Every structure is written in C-alpha cells, then in structure tokens.
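The values are calculated or read from the model by the stated rules, or taken from the named source; none is laboratory data. On a predicted model such as this, the values are computed, not experimentally measured, just so you know. Note that each Cβ is placed from the backbone with ideal geometry, even for glycine, and that neighbours are counted across all protein chains shown.
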Amino acid sequence: MKSGELIGAIAIGIILLGLAWTLAGPGTKVGNTWSLLTNGPGLLTTNQQSQPPAAGSSIIGGPSLSGDYINKVLASANSPAQGTGQALHDLSAQYNIDDAYALAVFMHESSYGKYGAANEDHALGNIVCAGYPTCNGRFRAYPTWADGYADFYQLLTKEYIPRGLTTVESITPVYAPASENDPTQYIASVRQAMATYRQENAA
C-alpha cells in the first residue's frame, strides 16, 4: 500500500472510531476507566472491584461498614428494616458510595424507617416523586427496603456525583434544602453518625 493510501486508511479508521464513540454515548465511569456497555452512571457490574472505603465527609468509596454491623444498628434501634444490613452494604459496594453515609441519612430522616413517610414507603430518604413510577403522595414508594436503598444510591450516582457533589457538605443543601430543613444541623447530624459508625465498626 502506498503511503498516501495508508494515511487515508488511518484517517478513515479514526473517523469510524469517533462515530462509534458518539453513537455509544459517554458510558459509565467505573473506577478510573469508562465502560461503553451502559449509558450514563448506573449499577456497577458484579465483576468490578469496589473502591477503598470512603473517609471524612466524602461519600465516594466502597463500604466502610459491614453488613453485620448495620444489622446490629438496625436491631438496636428496633427498626422495621431489621435484617437488611447486607443489602445496604452490597449496594454500597456496587455503586461505590459509602454505606455509612446512607445509614446516617436513614437515621436522620426517619430513625431508620420508624417514623414519617419512610415507614410506609420503605424509603431510606424521602425522595420527591418527580415522575417515579411508584409514589405515595409527594414521595417515592418502594415494595421493599432494598429497593429503597437502591434508588437512593442511584439518585446520588445520577444526579449528584456528576455535578461534583460528593461530600456531606455539598450534597445536603441540595438534597435537604433550607426551605424544608436546617442544612447546618442536618450536616452535623450525618457527619457525627458517620464517624460513630466507622469507629464502632472498626472496633
């Protein structure tokens, strides 16, 4: 093949590769790589490794708690979600979002599902319906606690993390706005709970 023909073939190959990338969409970021298997952030596949546990007020990272520890917390609180600790932990590993943060929000929002709309809706946090297929009045409702956990992790993955909201301090004013909550108190409550969980889990 002549040099001119070779250059032309390479150029065509680059164009076709770019077209394939455009049609596939940006994909999902998994760790430090991008997967073209799905469009947009979503559930990580089972063969992908969880990141190291989150630290400080960051929610990014693998679970910092064990399923057994979460079950102990739920049982101690007499939560209606008792026995679901492993589900909260496993979803944390799949989404690379700290289960200590999820558990702390669950505590602050409804005392682990004991009070408010969360009790009837199996909701970790009261998420506004916003077109969700199953709602109970203003908030999303789920058939099981595990379904509620999964939607909470998905919400963070799709709506918050892509906007750079990855800490308790940056997420809370959006998730629990001042028009309905005290963000400062919410942040302090969640951060204190996260620190307590991590310390107890490591003991």
Per the filter on segment 121-132, residues modelled with pLDDT of 95 or more and either more than 19 Å from the chain's Cα centre (by Cα) or charged (D, E, K, R) (or both) are 121
Taking first residues from segment 106-134 that are assigned by TED's automatic domain parsing to the domain that holds residue 76 and at positive phi and second residues anywhere that are part of a helix (DSSP H, G or I) and surrounded by 21 or more Cβ atoms within 10 Å (Cβ to Cβ), the pairs with Cβ under 6 Å that are 6 or more apart or on different chains are 112/74; 112/106; 116/110; 122/145; 122/148
